[in-house]
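What follows is a set of notes on a single structure, which appears directly below.
Coordinate-derived values only; no laboratory data. Predicted model only: the values in this text are computed from it and were never measured. For neighbour counting, all protein chains shown are included, and Cβ atoms are generated from backbone atoms with ideal geometry for every residue, glycine included.
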Amino acid sequence: MSQQIRLKSYVKRSGRLTNSQKKILEKKEYNINFFNSNKILSCQELFNNYNPCILDIGFGDGKLLTDIAKNFQDLNFIGLEVYDAGVGNILKQISENKLNNLKISNCDAIEFLENYITDKSLYGISLFYPDPWPKKKHHKRRIIDESFLNLVSKKINKGGFLKIVTDWSNYADHIIELLDENYNFAKENDRYLFKNRILTKFEKRGILLGHRITELCYKVK
């Protein structure tokens, strides 16, 4: 019986890049803050320390992730983003802020979790405004489903967290239902590193449109 192929939660489009983004991307393979996902990753080797490591999936323009990494330098952060503009943006921000606790890859998140990171190696995983795929016929493309939750629960240490923020009410309701039914997770109050975070570009737009912002944080049992 053939294995079911999972639909990707994004559609890769070639967006317009600024000249500075192009220059950074042309040299990203030589950038100490960028890594290719082609082997099992050791967080300790990547950062040359044993600090807890957090994975952020789909960091967008990178401003939120960079700000959190700057404020919590006793934690390590890995950011995944498939869009070149976002990768170019954040590599510039990391350089400007002289951060050594934030590393970036353009690997697909599911592929990265399944193949390139060991079980129980992460302190937490965050997803800020994952693509909601608002049309009902596209809901199957949403990244957060039962299989995704089972996968991330294996990668996060006991007592670690899963942080999700969305401004789409029906997506939020579905995520809550999935998490409440999953015995690997328990609802908790927000983790300290997110309590005074800046707003993302998508968040500001959602607020202007009158969308309900739902912030979720669950602990891995």
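Numbers at a glance
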{"quantity": "Computed lengthening from N97 to N36, 0.36 nm per intervening residue step minus Cα-Cα distance", "calculated": "19.7 nm"}
{"quantity": "Sparse-neighbour loop sites [trypsin sites (Lys or Arg not before Pro); segment 81-134; at most 14 other C-beta within 10 Å; DSSP]", "calculated": "K98, K120"}
{"quantity": "Those Cys residues of the chain for which no other cysteine Cβ falls under 4.7 Å", "calculated": "C107, C217"}
{"quantity": "Additional length obtainable on full extension of the chain from K158 to D173, 0.36 nm per residue less Cα span", "calculated": "2.9 nm"}
{"quantity": "Along the chain, longest interval not containing exposed chymotrypsin sites (Phe, Trp or Tyr not before Pro), exposed being DSSP loop plus at most 14 other Cβ atoms within 10 Å", "calculated": "51-182"}
{"quantity": "Cα shape, segment 94-221, gyration tensor, a/c 1.5 rule", "calculated": "rounded"}
{"quantity": "FRET efficiency for R212 and R16, using Cβ-Cβ distance with R0 set to 35 Å, rounded to 0.05", "calculated": "0.65"}
{"quantity": "Charged-residue dipole, Cβ positions (Lys, Arg, Asp, Glu), the chain about Cα centre, Debye nearest 20", "calculated": "520"}
{"quantity": "Hits among aspartates and glutamates - C-alpha to C-alpha of K120 under 17 Å, sequence gap 8 or more where chains match", "calculated": "E45, D56, E111"}
{"quantity": "J(HN,Hα) series, segment 145-153, from Karplus relation 6.51 cos²θ - 1.76 cosθ + 1.60, nearest Hz, glycine and proline x", "calculated": "9, 4, 5, 5, 5, 5, 5, 5, 5"}
{"quantity": "Separation of alpha-carbon centers, segment 74-134 and segment 148-221, rounded to whole Å", "calculated": "16"}
{"quantity": "When each of K28/K187; K22/K137; K140/K201 is checked by Cα-Cα distance, pairs over 31 Å", "calculated": "K28/K187; K22/K137"}
{"quantity": "R0 of 41 Å, Cβ-Cβ distance N189-E26: FRET efficiency to nearest 0.05", "calculated": "0.40"}
{"quantity": "Mean projected area (nm²) of the alpha-carbon convex hull when the chain is viewed from all directions", "calculated": "13.1"}
{"quantity": "Sequence-separation-based contact order of segment 44-220, relative, with Cα cut under 8 Å and 6+ spacing, percent", "calculated": "22"}
{"quantity": "Reachable lysines from K204, criterion Cα separation under 20 angstrom, eight or more residues apart if same chain", "calculated": "K63, K163, K195"}
{"quantity": "Positive minus negative residues near E177 (Lys, Arg vs Asp, Glu; Cβ under 15 Å)", "calculated": "-3"}
